[in-house]
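Colleague: One structure follows; several queries about it will come next.
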Amino acid sequence: MEKLIKRGAEADILLGWWGPLRAVYKVRRAKPYMVTELDLKLRKARTIREASVMPHARKAGANTPYIFYVGIRTFTIVMQYIEGLTMKEMLDDKPVLAAELGRTLSKLHSAGIIHGDPNTANFILSDANRLWYTVDYGLSFFSSELEDIAVDIHIVKEMLAAQHKRVFQEAFNHFLTGYSETAGHHGLTQILKKLNEIERRGRYGRQLVD
Amino acid sequence: MEKGNLHRWVEQLDTGMKYKRGLGIESTAHTFGVSVVDERGTILSNVKEVYKPPPGKGIHPREASRHHAEKAPKLIGDALKAASLTIDDMDFIAYSAGPGLGPCLRVGATLARALSVYYHKPIIPVHHGVGHIELGCLLTGSSDPVVLLLSGGHTMILVSGIRSWVVFGETLDLTLGQLIDQFGRAIGYSSPAGPSIEKLARDGKKYVTLPYVVKGNDLSFSGMLTSIKKELSRPYADLAFSLQETAFAMVAEVSERALALTGKRELLVVGGVAANARLSEMLNHVADRQGAAIKPIPIAFAGDCGAQIAWPGVLYNKAGISARAEDAFVNQSWRIDRVSVPWRS
Ligand SMILES: Nc1ncnc2c1ncn2[C@@H]1O[C@H](COP(=O)(O)OP(=O)(O)OP(=O)(O)O)[C@@H](O)[C@H]1O
């Protein structure tokens, strides 16, 4: 009855019903290429993490789908279906949308939540109420460390550069503007300094000798 | 004239008249390699010597550079001879300008500069990582792939950008090669330890839990190295097995993400670690699941070699780009996303 609408890197997204409601079934399927111990451990941890962080994210001011059911043993989360386009599909024509990504991420960070995968594909504009929803909390965790916050932003920057190359600079500027509107206790300057440090660590002068 | 000779003569005339070709010199780390490639992408020769540090030791930059300097003259001669050409027949001299070890890079650059000045040839600095990628594209016929670059100095996923390669995801600390080498050294293997760890891992039975760290499209291996060093009382085979399973699964996951998010249909795997059979097996699954074709490159060209420098040399030469000998630089920490790659849009 459920229909596969998306195959992500870690889960199948199926569209079905939960009682009378439209629902998304997010099923983390076994990865045949991983050793079983690791595969089970990851799927379980991410299912639990996703289900437990989402309500906190909502409290922090980021709209997230309501969860209807969590199946730990089947690695399944059944949640509200958010019908609409993702930011990934719209950003190239409207780079200013990245500000919304910034606002949401900043709210999460201020509440001590690191999203872990702030991708434009994970932001959906609901047709029903014209609000932005954030999904995919499988890699999220609780932290207020500057390092973790800056890595989350590094991911945004890298993602914009690789997946929205034609509007990258503009979109990233909008993102930063949006982010700074609701700055948390780490100011943007401090975060950007850390970001710079992380980028150096990553791509510059990787020491071949150690 | 004998038939064989005639044939050869015609062929030489053929290449001699029509096709530009150049010399590529690779000397970023362990390998000193020289190759001649022509504008059709025919690899006319590809020779190399690899410096091996003593067991349990890492690469010593000055020792490696001494090795390269000793082998260089003969290898350049060999490469030209194997291509049945002389240095006068070259249309350019390309060299690896970075990133890599300073002393090693300087051997290649100095030689290239000397040849360029003495024989009046344009000189072309090539980024080592771009070399891996472009040679990979040539050998596998990929046009617009998701690239997994797994060399000593890089652990990255890239996609083509606007006249450049763009980083889709990368390691935030150690590279995969460094992780393997440092673990190898901890158990007494010489670097590069990839092949011996791969062999050892085949006898591993028990999976030891190690930190699995994926952040968005980025990876982190430093926690894994710290953990595994605390487990050295266990059988080394189990550790090697667990390290590969965990680290490769991380790489597989971000590759799958890249394919899912970009919708690209080719996965190109380049760099020394690409030769690992277990990794290829995992990536085959990944490509399958995402409806993409995996493009493994022939083992002989997976590791560092002169052809990875000569071929981009051809591409730059076609685009009319070269440096003046006095500007021929080396850059130990040259960022791949800062390299101009005019033939990519
Ligand atoms: N509740 C929902 N309503 C509507 N669409 C959704 C919902 N949840 C997820 N999606 C869509 O499916 C896509 C994949 O979902 P999700 O990111 O949760 O899976 P994943 O396998 O973790 O993805 P990734 O490839 O990023 O790892 C999302 O990017 C989003 O576009």
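The values are calculated or read from the model by the stated rules, or taken from the named source; none is laboratory data. These numbers come from a predicted model, not from an experiment. Cβ atoms come from the backbone with ideal geometry, glycine included; neighbour counts cover every protein chain shown.
Colleague: Picking from A:105, A:85, A:125, A:97, which residue would you name as being modelled with pLDDT of 95 or more and closer than 18 Å to residue A:198 by Cβ?
Modeller: Working: A:85 fails: closer than 18 Å to residue A:198 by Cβ; A:125 fails: closer than 18 Å to residue A:198 by Cβ; A:97 fails: closer than 18 Å to residue A:198 by Cβ.
Checking each option against the conditions leaves just A:105.
Colleague: Could you tell me which residue of the range B:226-249 is surrounded by the fewest Cβ atoms within 10 Å (Cβ to Cβ), considering only residues that are of a type in the set (D, E, K, R) and part of a helix (DSSP H, G or I)?
Modeller: So in the range B:226-249, the residues of a type in the set (D, E, K, R) come out as B:229-231, B:234, B:238, B:245.
Remaining after also requiring part of a helix (DSSP H, G or I): B:229, B:238, B:245.
On the way: B:229: 13, B:238: 18, B:245: 23.
Applying the filter and picking the extreme gives B:229.
Colleague: Please state which of the following conditions residue B:135 fails to meet, knowing it meets all the rest: (1) within 14 Å of chain A (Cβ to nearest Cβ); (2) of a type outside the set (Ser, Thr, Tyr); (3) buried (at least 24 other Cβ atoms within 10 Å of the Cβ).
Modeller: Result: residue B:135 fails condition (1) only.
Colleague: Further question: Would a scan of the range A:21-42 turn up a residue that is charged (D, E, K, R), more than 26 Å from residue B:282 (Cβ to Cβ) and either modelled with pLDDT under 95 or within 12 Å of the ligand (Cβ to nearest atom) (or both)? So that I can check it myself, show each step before the final result.
Modeller: So in the range A:21-42, the residues charged (D, E, K, R) come out as A:22, A:26, A:28-29, A:31, A:37, A:39, A:41.
Adding the requirement that they be more than 26 Å from residue B:282 (Cβ to Cβ) leaves A:22.
Those left that are additionally either modelled with pLDDT under 95 or within 12 Å of the ligand (Cβ to nearest atom) (or both): A:22.
Checked against the condition, which is being charged (D, E, K, R), more than 26 Å from residue B:282 (Cβ to Cβ) and either modelled with pLDDT under 95 or within 12 Å of the ligand (Cβ to nearest atom) (or both), the range A:21-42 yields at least one hit.
Colleague: Which pairs have Cβ atoms under 7 Å, sit 6 or more apart or on different chains, and link a residue in the range B:143-166 that is facing chain A (nearest Cβ under 9 Å) to one that is aromatic (Phe, Trp, Tyr)?
Modeller: Every condition considered, the pairs that remain are B:157/B:168; B:158/B:165; B:158/B:168; B:159/B:168.
Colleague: Same structure, new question: Would you mention how many residues in the range A:80-109 are without any contact (Cβ under 8 Å) to a residue 60 or more places away in the chain, among the hydrophobic types (A, V, I, L, M, F, W, C) and within 15 Å of residue A:172 (Cβ to Cβ)?
Modeller: Residues in the range A:80-109 being without any contact (Cβ under 8 Å) to a residue 60 or more places away in the chain, among the hydrophobic types (A, V, I, L, M, F, W, C) and within 15 Å of residue A:172 (Cβ to Cβ): 1 in total.
Colleague: Tell me yes or no: at least one residue of the range A:34-52 is buried (at least 18 other Cβ atoms within 10 Å of the Cβ), touching a residue at least 60 places away in the same chain (Cβ under 8 Å), closer than 20 Å to residue B:289 by Cα and in contact with a strand residue (DSSP E or B) (Cβ under 7 Å, 6 or more places away or on another chain).
Modeller: No, the conditions are met nowhere in the range A:34-52.
Colleague: Tell me which residues, restricted to the range A:92-115, are among the small types (Gly, Ala, Ser) and surrounded by fewer than 22 Cβ atoms within 10 Å (Cβ to Cβ).
Modeller: To start, the set of residues in the range A:92-115 that are among the small types (Gly, Ala, Ser) comprises A:98-99, A:102, A:106, A:110-112.
Within the range A:92-115, A:99, A:110, A:111, A:112 qualify.
Colleague: Another question, if that's okay. Filter the range B:131-154 down to the residues that are among the hydroxyl-bearing types (Ser, Thr, Tyr) and more than 9 Å from the chain's Cα centre (by Cα) and list them by number.
Modeller: If we filter the range B:131-154 for residues that are among the hydroxyl-bearing types (Ser, Thr, Tyr), which is where we start, we get B:140, B:142-143, B:151.
Result: B:140, B:142, B:143.
Colleague: Then there's this: For the range B:209-225, enumerate the residues that are in contact with a Leu (Cβ under 6 Å, 6 or more places away or on another chain) and not in a strand (DSSP E or B). Before you say what the answer is, go through the steps one by one.
Modeller: Here is the first cut: in the range B:209-225, the ones in contact with a Leu (Cβ under 6 Å, 6 or more places away or on another chain) are B:218, B:220-222, B:224-225.
The answer is B:220, B:221, B:222, B:224, B:225.
Colleague: Turning to a different aspect of this structure: Hey, can you tell me all the residues within the range A:50-105 that are more than 14 Å from the ligand (Cβ to nearest atom), outside any helix (DSSP H, G or I) and in the same structural domain as residue A:25 (by TED's automatic domain parsing)?
Modeller: Listed by number, the residues that qualify are A:60, A:61, A:71, A:72, A:73, A:74.
Colleague: Look through the range A:117-153, keep the residues that are more than 11 Å from chain B (Cβ to nearest Cβ) and buried (at least 22 other Cβ atoms within 10 Å of the Cβ), and return whichever of them is nearest to the ligand (Cβ to nearest atom).
Modeller: Within the range A:117-153, the first condition is being more than 11 Å from chain B (Cβ to nearest Cβ), and the residues that meet it are A:123-135, A:137, A:142-146, A:149.
With buried (at least 22 other Cβ atoms within 10 Å of the Cβ) added as a condition, the list becomes A:123-124, A:134-135, A:137, A:149.
On the way: A:123: 8, A:124: 6, A:134: 10, A:135: 4, A:137: 8, A:149: 20 Å.
Among residues in the range A:117-153 that are more than 11 Å from chain B (Cβ to nearest Cβ) and buried (at least 22 other Cβ atoms within 10 Å of the Cβ), the one nearest to the ligand (Cβ to nearest atom) is A:135.
The rows are residues; the columns are (1) away from chain A (no Cβ under 14 Å); (2) over 25 Å from residue B:198 (Cα atoms); (3) not polar (S, T, N, Q).
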position: B:283; (1), (2), (3): no, no, yes
position: B:288; (1), (2), (3): no, no, yes
position: B:304; (1), (2), (3): no, no, yes
position: B:324; (1), (2), (3): yes, yes, yes
position: B:330; (1), (2), (3): no, yes, yes
position: B:341; (1), (2), (3): no, yes, yes
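Colleague: Now for a separate question. Taking the range B:83-120 only, how many residues are under 16 Å from residue B:327 (Cα atoms) and touching a residue at least 60 places away in the same chain (Cβ under 8 Å)?
Modeller: Restricting attention to the range B:83-120, the residues satisfying the condition of being under 16 Å from residue B:327 (Cα atoms) are B:92-98, B:105-118, B:120.
Adding the requirement that they be touching a residue at least 60 places away in the same chain (Cβ under 8 Å) leaves B:92-98, B:105-109, B:111-113, B:115-117.
Adding up the residues that qualify gives 18.
Colleague: While we're looking at this one, here's another question. Any residue at all in the range A:65-78 that's surrounded by 15 or more Cβ atoms within 10 Å (Cβ to Cβ) and in contact with a Pro (Cβ under 7 Å, 6 or more places away or on another chain)?
Modeller: Looking for residues that are surrounded by 15 or more Cβ atoms within 10 Å (Cβ to Cβ) and in contact with a Pro (Cβ under 7 Å, 6 or more places away or on another chain), one finds none in the range A:65-78, hence no.
Colleague: Within the range B:92-110, can you find the residues that are touching a helix residue (DSSP H, G or I) at 6+ places or on another chain (Cβ under 6 Å) and either away from chain A (no Cβ under 14 Å) or farther than 16 Å from residue B:31 by Cα (or both)?
Modeller: B:92, B:93, B:94, B:95, B:107
Colleague: Here's a follow-up. Only residues that are surrounded by fewer than 18 Cβ atoms within 10 Å (Cβ to Cβ) and within 13 Å of the ligand (Cβ to nearest atom): list them for the range A:9-20, please. Lay out the reasoning, then the answer.
Modeller: From the range A:9-20, those surrounded by fewer than 18 Cβ atoms within 10 Å (Cβ to Cβ) are A:12, A:15-20; that's our starting set.
Passing the criteria: A:12, A:15, A:16, A:18.
Colleague: Could I ask something else about it? Filter the range A:1-56 down to the residues that are within 14 Å of chain B (Cβ to nearest Cβ) and over 27 Å from residue A:113 (Cβ atoms) and list them by number.
Modeller: A:4, A:30, A:32, A:33, A:34, A:35, A:36, A:37
Colleague: What number goes with the only condition from (1) over 18 Å from the mean Cα position of the chain (by Cα); (2) without any contact (Cβ under 8 Å) to a residue 12 or more places away in the chain; (3) in a strand (DSSP E or B) that residue A:6 does not pass?
Modeller: Looking at each condition in turn, residue A:6 falls short on (1).
Colleague: Mind checking whether some residue in the range B:166-181 is closer than 30 Å to residue B:315 by Cα, in contact with a Leu (Cβ under 8 Å, 6 or more places away or on another chain) and in a helix (DSSP H, G or I)?
Modeller: yes
Colleague: Of the residues B:163, B:106, only one is outside any loop (DSSP other than H, G, I, E, B) and over 13 Å from the mean Cα position of the chain (by Cα); which? Outline the logic, then answer.
Modeller: Working: B:163 fails: outside any loop (DSSP other than H, G, I, E, B).
So the residue among B:163, B:106 that is outside any loop (DSSP other than H, G, I, E, B) and over 13 Å from the mean Cα position of the chain (by Cα) is B:106.
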